[in-house]
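Peer 1: This structure is in structure tokens; I'll ask about it shortly.
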Amino acid sequence: MKQIFFKDFELFSTIHKFSLQEYLKSSSLQISFHENHSLQHVVILGIRAPLQVMKGNNRVRVCLLASGSRGNSTLIEVDGCRLLIDAGLSGVETERRLSTVGLAGEDLHGILVTHEHHDHVGGIGPLARRHNLPVFIDRQTHTALPKLGKVADLHHFSSGETFSFQNLSISPFSTTHDAVNPVGFTIESSEGKIGFATDLGIPTRLVAEQLKNCRVLVLEANHDEQMLQNGSYPWSLKQRIRSRHGHLSNHESCLLLKETCWSGLEALFLAHLSEENNCPDLAGETFRQTLTDCGHNPEIIIGRQRCASVCFVASPVMVS
Ligand SMILES: [Zn+2]
Ligand SMILES: [Zn+2]
């Protein structure tokens, strides 16, 4: 299969030709091509329009609307059901980012909450109230969130217990991050499994088991260990980040990836990158190397703090 290298502003990701063709079919991108036969790849140059995937029958679409220590929110769409995992930006900014992928707040169907830290929750209450959205949250996390305000359609889940929403089976699983009861999620449907794991603390066996056999994986890649070590953060903060209740480094996350990647993995999102202690190119290279070592070649998409990421858009699963 030919590889295509795709450059969007500062973003860099490697995309299978098949995925890209599907992506272009449903997008309004204006692009030009340059074939380089000697390198056996196609370079896409000169993007003239902002990334926009218009409303359509996308069976699976994933986009990191924001990712990093100043706000996290992920759009997951499966078979017409559109969920946010966390809403750490303001409601207004979340809706602005949604508009860059062709959606509005009213197109959402619900919000899942991982934990109560400020970079994950600021927009939940306003969005839920404005669009009458159900919010799914752990009971203890809810108690730790006095500023959530009144949400009319609130559902408590327990980690380890799968619940259903529309055609989806949603499984929250515990992580060791320093919040009252933090979780990651897997979302399963007839379109396959999507795994979401950020703010991990340490990569436990439970997390590795949960993330197996995913079609799309959103994985924390918070820091480069060397950059954190040499960076300007105070010692206590460095200790917190490195601790078993902090965040995963690129290296730790790659160890987790080694245990979970398989031939069916189509896209790997790198999330919660520190702007101070990580670098998108470095993280992308580190994970690409790990995937190559494992003999797999999924699309890698890197989440950004200041703009929405590239969308992963997949066609329906083929049933033979
Ligand atoms: Zn956190
Ligand atoms: Zn966080």
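Peer 1: What pairs come out if I take residues in segment 83-107 that are at positive phi and pair them with residues that are assigned to a helix (DSSP H, G or I) and within 16 Å of ligand 1 (Cβ to nearest atom) whose C-beta lies under 9 Å away, six or more apart or interchain?
Peer 2: So the pair list comes out as D86/D119; D86/H120; D86/V121; D86/I124.
Peer 1: Which ones in segment 119-155 are surrounded by 14 or more Cβ atoms within 10 Å (Cβ to Cβ), part of a loop (DSSP other than H, G, I, E, B) and more than 16 Å from ligand 2 (Cβ to nearest atom)?
Peer 2: L133, P134, V151 - these are the residues of segment 119-155 that are surrounded by 14 or more Cβ atoms within 10 Å (Cβ to Cβ), part of a loop (DSSP other than H, G, I, E, B) and more than 16 Å from ligand 2 (Cβ to nearest atom).
Peer 1: Could you tell me which numbered condition R82 fails, if it satisfies all but one of (1) more than 16 Å from ligand 2 (Cβ to nearest atom); (2) surrounded by 22 or more Cβ atoms within 10 Å (Cβ to Cβ)?
Peer 2: The single condition R82 does not satisfy is (2).
Peer 1: Among the numbered criteria (1) hydrophobic (A, V, I, L, M, F, W, C); (2) within 16 Å of ligand 2 (Cβ to nearest atom); (3) out of contact with any Phe, Trp or Tyr (no Cβ under 9 Å at 6 or more places or on another chain), which one does A104 miss?
Peer 2: Looking at each condition in turn, A104 falls short on (2).
Peer 1: Then there is this: Would you list the helices (runs of 4 or more DSSP H) that sit entirely within segment 195-259 and hold 1 or more residues that are within 16 Å of ligand 1 (Cβ to nearest atom), modelled with pLDDT of 90 or more and under 22 Å from P298 (Cα atoms)? Before you say what the answer is, go through the steps one by one.
Peer 2: Numbers: elements: 205-210, 225-230, 235-242.
Counting at least 1 such residues, we get 205-210.
Peer 1: Give the residue, chosen from S90, S159, that is away from ligand 2 (no atom under 14 Å from the Cβ), of a type in the set (G, A, S) and within 21 Å of Q210 (Cα to Cα).
Peer 2: S159 is the lone residue from the list that is away from ligand 2 (no atom under 14 Å from the Cβ), of a type in the set (G, A, S) and within 21 Å of Q210 (Cα to Cα).
Peer 1: Can you tell me which residue among G102, G110 is at pLDDT below 95, away from ligand 1 (no atom under 16 Å from the Cβ) and either among the hydroxyl-bearing types (S, T, Y) or surrounded by fewer than 23 Cβ atoms within 10 Å (Cβ to Cβ) (or both)? Step through it out loud before you land on a result.
Peer 2: Details: G110 fails: at pLDDT below 95.
Among G102, G110, only G102 is at pLDDT below 95, away from ligand 1 (no atom under 16 Å from the Cβ) and either among the hydroxyl-bearing types (S, T, Y) or surrounded by fewer than 23 Cβ atoms within 10 Å (Cβ to Cβ) (or both).
Peer 1: A further question on this structure: Conditions: (1) of a type in the set (A, V, I, L, M); (2) within 16 Å of ligand 2 (Cβ to nearest atom); (3) modelled with pLDDT under 90. V43 meets all but one. Number of the miss?
Peer 2: Of the numbered conditions (1) of a type in the set (A, V, I, L, M); (2) within 16 Å of ligand 2 (Cβ to nearest atom); (3) modelled with pLDDT under 90, the odd one out for V43 is (2).
Peer 1: Something else now. Within segment 216-244, which residues are more than 24 Å from the chain's Cα centre (by Cα) and in contact (Cβ under 8 Å) with a residue 40 or more places away in the chain?
Peer 2: G231, S232, Y233
Yes/no matrix, rows are residues, columns are (1) closer than 24 Å to H247 by Cα; (2) more than 20 Å from the chain's Cα centre (by Cα); (3) within 15 Å of ligand 1 (Cβ to nearest atom); (4) of a type outside the set (A, V, I, L, M):
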| residue | (1), (2), (3), (4) |
| --- | --- |
| H115 | yes, no, yes, yes |
| D119 | yes, no, yes, yes |
| H142 | yes, yes, no, yes |
| S158 | yes, yes, no, yes |
| Q166 | no, yes, no, yes |
| F173 | yes, no, no, yes |
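Peer 1: Look at N213 and say whether it is at positive phi, surrounded by fewer than 19 Cβ atoms within 10 Å (Cβ to Cβ) and either away from ligand 2 (no atom under 16 Å from the Cβ) or touching a residue at least 12 places away in the same chain (Cβ under 8 Å) (or both).
Peer 2: Answer is yes for this residue.
Peer 1: What number of residues within segment 66-78 are closer than 19 Å to A283 by Cα and of a type in the set (A, V, I, L, M)?
Peer 2: Looking only at that region, the number is 1.
Peer 1: Quickly run through segment 63-118 and pick out the residues that are assigned to a strand (DSSP E or B) and among the aliphatic types (A, V, I, L, M).
Peer 2: Result: L64, L65, A66, L75, I76, V78, L83, L84, I85, I111, L112.
Peer 1: Is there any pair with a first residue in segment 167-188 that is without any contact (Cβ under 8 Å) to a residue 24 or more places away in the chain and surrounded by fewer than 23 Cβ atoms within 10 Å (Cβ to Cβ) and a second that is in a loop (DSSP other than H, G, I, E, B) and of a type outside the set (G, A, S) whose Cβ atoms are under 8 Å apart and which are 6 or more apart or on different chains, and what are they?
Peer 2: Listed pairs, sorted by first residue: S169/T162.
The values are calculated or read from the model by the stated rules, or taken from the named source; none is laboratory data. All of these numbers come straight from a predicted model, not from anything done at the bench. As a convention, Cβ positions derive from the backbone with ideal geometry for all residues, glycine included, and neighbour counts pool all protein chains shown.
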